[in-house]
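Peer 1: My questions will all concern the structure given below.
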Amino acid sequence: MPQIVNAVEMRGIVKRFPGVLANDHVDFDLCQGEVHALLGENGAGKSTLMNVLAGLYKPEEGAISVEGKRVSFNSPRDAIAAGLGMVHQHFMLVPSQTVTENIILGLEAPRFVLNMAELDKKILALQEQYGLRVDPKAKIWQLSVGEQQRVEILKMLYRGARVLILDEPTAVLTPQEIKEFIATLKGMVASGHSIVFISHKLDEVLAIANRVTVLRHGRATASGVSTAGTTKRKLAELMVGRDVIFFLEKPPATPGPVVLDLQDLKAENDRGLQALKGVSLQVRAGEILGIAGVAGNGQSELAQVITGMRKALSGHVRVNGEDVVNRSPRVAINRQVAHVPEDRNGVGSAPSLSLAENLIMKSYRKAPVGSRLALNRSVIRKQAEELKTAFDIAAPNIDVQARLLSGGNLQKAILAREMSAEPKIIVAVQPTRGLDVGAIEAVQRVLLDERARGTAILLFSEELEEVMALSDRIAVIYEGQIMGEVKPEETTLEQIGLMMAGQRLENIRGETDGHE
Amino acid sequence: MLLGAMFGFKVAVGTGNPWLGLLVAMLAGGMLSLLHAVVTINFQADQVVSGLATNFVGIGLSLVLGEGLSKAGTTALLPNWTVPGLSAIPILGPILFTNQSILVYFGYLLTPAVAFYINRTRPGMHLRAVGEYPSAADALGINVYRLRYLYVFIGGLLAGLAGATISLAISPGWFSELTTAGQGWIAIGIVIFAQWNPWRALAGAYMFGALRRLILDLQGPTMLLWFENPFRAQSPGFFLQMLPYALTIIILVIGSRSAMKKRVGAPAALGLPYVRGERGR
């Protein structure tokens, strides 16, 4: 590569948060016209480093240069002025405003009166240039997540950003959208932009990036390594610090009778819109039914209806033949329906209670843990100690507040509680989201063990690879409807991706048959 | 509002200039709102609690500073005015443009101005953004704190204006806390009823105004159609006067329920302090 100035140079960046050293003397270079991946587990300090670059955080130590000039950002506005634009993982868009309004938000021009027609035209021209299409008059809340992401990128391009920082941009996209997205990235690189791509997905990093920097516990374990000269295994080791098993062994399923039978379930979401439009599914004892789908297509509502936490408008939830729809969570618990909820802190645990208390939260009504009035302290402590050991929960003791546990250990504690009730059915929603590789392994092992024990498992996950690896059958949900059911060994990521985008299985099959 | 009513009347009595009274009333409302701003924006206190506390401070200050003001007698009031030309329009002319307080005309102009400002201008767009999704605005370099301060202050100015409207035009004088009689709370009800839309707020405000007038009129005549007027007696009179407030409660309950559920019109970050870097808005 010819000797040109780096688009961005970060040297010895140190950023502390109370009790945490998020970035510990990190160096990072971005060449002109490259895609540079920033890889690391959750909490490794990737987003922090890029928030420093985007002017959201001020580093305690270190120097930043943009195109050879030393800079010091006091606010995101300074970073944008220097040509750095960040697309955050949680989109920074105002839901009630239009695409155009969001794109021009915060700019000096136009000074006062907004001529929307003219502005819309300008935005359309910009879209044409980069192939990022989205209706400028649409309100953000009406857009799909992929479209919202395009708005975010357009926002930065409109501001003349030459460096784009993308924080886990593919986490919210379907496989097809990811393909499109990668093509867009290539186009932007070709037109002279440089891109930082934050991710914890190894395959993607290898496919998209020219170079990669790996962070672990706030330190760079690899700086600007060329992706051509490395492997998935090597990167994983740099990321986690030890050898990683990618796929667990899965013995063949021995499905028993139908334990959970859902029929034509309809329900509304919190906004009063219909989130489930007639879902019917069966889960047998000893099998895992994976539910794939882009977030927000009714997964949460479905899990809540099954566990008694949300009222269904109509339909049936039969547990071992008994209809429990619209009863209560208590009824579900008594029928041995375990729930590993999406929201670990709000629903899955009581953050300010102790680990021991959280572990008995579903058994306190029954002897020997509790009698009618009192709780049996010594039994609780003994059970909690046993579960802590059995599920390898890393906590100083069982009296520690649940809020102080790391995400992985909290999830292990929730699993320990749910599994100790010897469930017949497990409803697990995003059980591995946000966990590090080690904890993911542990969670997946628990689910497979339960499957071997003969439990019926309903697994909701946005991680397609996880669904493919764990499930015996996969159902794809889109806008509250099941698009089709496939077996993982008989399907492809493309097929599932099409269903995630709203195509029905029979239509997809029809198409491929036509080609043959 | 009460503070504005008190200052407006006090200054008007003291200087003989109602316009000066109006100005001081607005400033007083603005200053009081800054207290609320400091507590909620800088110290991230609960906005409802702070609002109630600020309200009590306002009442207390008004009563103390307005001591003896009720015996001050009369003063020059804000003028009434008939719009030349427009008042000649049949039906609407006499209703809308004849011999109204100058502030009524100000109200006519303010609504479209505010609607235009909020929906069609750059600063208006920023105003909506800091109320709907402050982190998005912050990420684009908009100073969320400064804008929130500014608009709380403007809200205070308008509340002061509302108070002075009562004490210097609608029902002139100072009758301690009965001057405004808690009509500010009705304003909150109207905002929810209007789903944060200036035009609907206008309609709502006039509806409440008409209701108050209707109640006064109902108490006047001895005969109502062919019956003896049942509202002339003392106790049903109080009952009638209570109606706008009861209606406010009903609207608040309905409004907050459906607003919670469907988020109709209400700014998404309503009541939420903004702290940079904190998740969950």
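The values are calculated or read from the model by the stated rules, or taken from the named source; none is laboratory data. These numbers were taken from a predicted model, which means no experiment stands behind them. Here Cβ is always computed from backbone atoms with ideal geometry, including for glycine, and neighbour counts include all displayed protein chains. For accessibility, only protein heavy atoms count, side chains too; no ligands or nucleic acids. Shrake-Rupley method; radii C 1.70, N 1.55, O 1.52, S 1.80 Å.
Peer 1: With (1) within 21 Å of A:GLU422 (Cβ to Cβ); (2) assigned by TED's automatic domain parsing to the domain that holds A:PRO396; (3) open to solvent by less than 70 Å² (accessible area, probe 1.4 Å); (4) not polar (S, T, N, Q) as the list, and A:ALA374 as the residue in question, which single condition is left unmet?
Peer 2: With respect to (1) within 21 Å of A:GLU422 (Cβ to Cβ); (2) assigned by TED's automatic domain parsing to the domain that holds A:PRO396; (3) open to solvent by less than 70 Å² (accessible area, probe 1.4 Å); (4) not polar (S, T, N, Q), A:ALA374 is out only on (1).
Peer 1: Residues to consider are A:ALA439, A:ALA413; find the one that is open to solvent by less than 30 Å² (accessible area, probe 1.4 Å), closer than 30 Å to A:GLY497 by Cα and part of a helix (DSSP H, G or I). Walk me through how you get there before you give the answer.
Peer 2: Numbers: A:ALA413 fails: closer than 30 Å to A:GLY497 by Cα.
Just a single option satisfies the conditions, and that option is A:ALA439.
Peer 1: While we're here: List the residue pairs whose Cβ atoms are under 9 Å apart, where the first residue sits in region A:123-149 and is β-branched (Val, Ile, Thr), the second is open to solvent by 90 Å² or more (accessible area, probe 1.4 Å), and the two are 6 or more positions apart or on different chains.
Peer 2: Between residues of region A:123-149 that are β-branched (Val, Ile, Thr) and residues that are open to solvent by 90 Å² or more (accessible area, probe 1.4 Å), there is no close pair.
Peer 1: Among the candidates A:ASP264, A:ASP270, single out the residue that is under 30 Å from A:SER314 (Cβ atoms) and without any contact (Cβ under 8 Å) to a residue 12 or more places away in the chain.
Peer 2: On inspection, the qualifying residue turns out to be A:ASP270.
Peer 1: Select from region A:100-141 the residues that are under 33 Å from the mean Cα position of the chain (by Cα), within 14 Å of chain B (Cβ to nearest Cβ) and either among the small types (Gly, Ala, Ser) or over 24 Å from B:GLY141 (Cα atoms) (or both) and list them in ascending order.
Peer 2: Within region A:100-141, just A:GLY106 meets the criteria.
Peer 1: If we keep just the residues of region A:89-99 that are more than 15 Å from B:GLY124 (Cβ to Cβ) and touching a residue at least 12 places away in the same chain (Cβ under 8 Å), which is nearest to the other protein chains (Cβ to nearest Cβ)?
Peer 2: We begin by selecting, within region A:89-99, every residue more than 15 Å from B:GLY124 (Cβ to Cβ); these are A:89-93, A:95, A:99.
Okay, now just the ones that are also touching a residue at least 12 places away in the same chain (Cβ under 8 Å), so A:89, A:91-93, A:95, A:99.
Details: A:GLN89: 11, A:PHE91: 8, A:MET92: 4, A:LEU93: 6, A:PRO95: 7, A:VAL99: 13 Å.
My answer is A:MET92.
Peer 1: Sticking with this one: Within region A:385-411, which residues are more than 22 Å from A:VAL437 (Cβ to Cβ) and of a type in the set (Gly, Ala, Ser)?
Peer 2: Matches in region A:385-411: A:ALA402 only.
Peer 1: Is there a residue in region B:80-92 that is touching a strand residue (DSSP E or B) at 6+ places or on another chain (Cβ under 9 Å) and loosely packed, with under 12 Cβ neighbours inside 10 Å?
Peer 2: Step one: list which residues in region B:80-92 are touching a strand residue (DSSP E or B) at 6+ places or on another chain (Cβ under 9 Å), which gives B:80-83.
This time we only want the ones that are loosely packed, with under 12 Cβ neighbours inside 10 Å, so: none.
No: region B:80-92 contains no residue that is touching a strand residue (DSSP E or B) at 6+ places or on another chain (Cβ under 9 Å) and loosely packed, with under 12 Cβ neighbours inside 10 Å.
Peer 1: Looking only at helices (runs of 4 or more DSSP H) that fall completely inside region B:100-200, which ones have 2 or more residues that are open to solvent by 50 Å² or more (accessible area, probe 1.4 Å), within 14 Å of chain A (Cβ to nearest Cβ) and free of Cβ contacts under 8 Å to residues at least 40 places away in the same chain?
Peer 2: Where helices (runs of 4 or more DSSP H) fall fully within region B:100-200 and carry at least 2 residues being open to solvent by 50 Å² or more (accessible area, probe 1.4 Å), within 14 Å of chain A (Cβ to nearest Cβ) and free of Cβ contacts under 8 Å to residues at least 40 places away in the same chain, they are B:102-120.
Peer 1: For A:GLU418, which of the numbered conditions (1) acidic (Asp, Glu); (2) in a loop (DSSP other than H, G, I, E, B); (3) open to solvent by less than 20 Å² (accessible area, probe 1.4 Å) fails to hold?
Peer 2: For A:GLU418, the exception is condition (2).
Peer 1: From the list A:ALA501, A:ALA475, which one is touching a residue at least 60 places away in the same chain (Cβ under 8 Å), open to solvent by less than 30 Å² (accessible area, probe 1.4 Å) and in contact with an Asp or Glu (Cβ under 8 Å, 6 or more places away or on another chain)?
Peer 2: A:ALA475
Peer 1: Still on this structure: Being modelled with pLDDT of 80 or more and either under 26 Å from B:GLY58 (Cβ atoms) or open to solvent by less than 60 Å² (accessible area, probe 1.4 Å) (or both) is the filter here, so list the residues in region B:213-227 that pass it.
Peer 2: Hits for region B:213-227: nothing passes.
Peer 1: So in region A:305-354, with the set limited to residues that are open to solvent by less than 30 Å² (accessible area, probe 1.4 Å), among the hydroxyl-bearing types (Ser, Thr, Tyr) and outside the structural domain of A:LYS277 (by TED's automatic domain parsing), which one is farthest from A:GLY278 (Cα to Cα)?
Peer 2: Out of the qualifying residues, it is A:SER354.
Okay, residues lined up against (1) open to solvent by 10 Å² or more (accessible area, probe 1.4 Å); (2) assigned by TED's automatic domain parsing to the domain that holds A:ILE182; (3) not acidic (Asp, Glu):
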residue	(1), (2), (3)
A:ILE13	no, yes, yes
A:ASP29	yes, yes, no
A:ASN74	yes, yes, yes
A:ASP78	yes, yes, no
A:LEU84	no, yes, yes
A:HIS88	yes, yes, yes
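Peer 1: Taking into account only those residues within region A:142-199 that are over 24 Å from A:THR100 (Cβ atoms) and assigned to a loop (DSSP other than H, G, I, E, B), which is farthest from the chain's Cα centre (by Cα)?
Peer 2: That would be A:GLY192.
Residues checked against (1) surrounded by 16 or more Cβ atoms within 10 Å (Cβ to Cβ); (2) in a loop (DSSP other than H, G, I, E, B); (3) in contact with a helix residue (DSSP H, G or I) (Cβ under 7 Å, 6 or more places away or on another chain):
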{"site": "B:VAL38", "(1), (2), (3)": "no, no, no"}
{"site": "B:ILE41", "(1), (2), (3)": "yes, no, yes"}
{"site": "B:ASN55", "(1), (2), (3)": "yes, no, no"}
{"site": "B:GLY58", "(1), (2), (3)": "yes, no, yes"}
{"site": "B:THR74", "(1), (2), (3)": "no, yes, no"}
{"site": "B:LEU78", "(1), (2), (3)": "yes, yes, yes"}
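Peer 1: Turning to a different aspect of this structure: Kindly indicate whether any position in region A:455-467 is open to solvent by 10 Å² or more (accessible area, probe 1.4 Å), in contact (Cβ under 8 Å) with a residue 60 or more places away in the chain, farther than 18 Å from A:VAL347 by Cβ and touching an Asp or Glu at 6+ places or on another chain (Cβ under 7 Å).
Peer 2: no
A quick yes/no check of all residues on (1) buried (at least 22 other Cβ atoms within 10 Å of the Cβ); (2) of a type in the set (A, V, I, L, M, F, W, C); (3) touching a Gly at 6+ places or on another chain (Cβ under 6 Å):
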site: A:ASN115; (1), (2), (3): no, no, no
site: A:GLN129; (1), (2), (3): no, no, no
site: A:ALA138; (1), (2), (3): no, yes, no
site: A:LEU157; (1), (2), (3): no, yes, no
site: A:THR174; (1), (2), (3): yes, no, yes
site: A:SER199; (1), (2), (3): yes, no, no
site: A:LEU206; (1), (2), (3): no, yes, no
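Okay, residues lined up against (1) outside any strand (DSSP E or B); (2) on the phi < 0 side of the Ramachandran plot; (3) not assigned by TED's automatic domain parsing to the domain that holds A:SER349:
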| residue | (1), (2), (3) |
| --- | --- |
| A:LEU387 | yes, yes, no |
| A:ASN409 | yes, yes, no |
| A:GLY434 | yes, no, yes |
| A:ASP449 | yes, yes, yes |
| A:ALA469 | yes, yes, yes |
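Peer 1: Just checking: which of the strands (runs of 3 or more DSSP E) contained wholly in region A:280-342 hold 3 or more residues that are within 23 Å of the chain's Cα centre (by Cα) and of a type in the set (A, V, I, L, M, F, W, C)?
Peer 2: Of the strands (runs of 3 or more DSSP E) lying wholly inside region A:280-342, those with at least 3 residues that are within 23 Å of the chain's Cα centre (by Cα) and of a type in the set (A, V, I, L, M, F, W, C) span A:288-292.
Peer 1: For region A:45-88, what are the residues that are farther than 25 Å from A:VAL145 by Cα, part of a helix (DSSP H, G or I), among the small types (Gly, Ala, Ser) and more than 10 Å from chain B (Cβ to nearest Cβ)?
Peer 2: Across region A:45-88, there are no qualifying residues.
Peer 1: Quick check on region A:135-150. Is at least one of its residues assigned by TED's automatic domain parsing to the domain that holds A:ASP27 and in contact with a Phe, Trp or Tyr (Cβ under 6 Å, 6 or more places away or on another chain)?
Peer 2: Yes, there is a match, as at least one residue in region A:135-150 is assigned by TED's automatic domain parsing to the domain that holds A:ASP27 and in contact with a Phe, Trp or Tyr (Cβ under 6 Å, 6 or more places away or on another chain).
Peer 1: May I ask you to list the residues in region A:98-113 that are open to solvent by less than 70 Å² (accessible area, probe 1.4 Å) and either charged (D, E, K, R) or assigned to a helix (DSSP H, G or I) (or both)?
Peer 2: Within region A:98-113, A:VAL99, A:THR100, A:GLU101, A:ASN102, A:ILE103, A:ILE104 meet the criteria.
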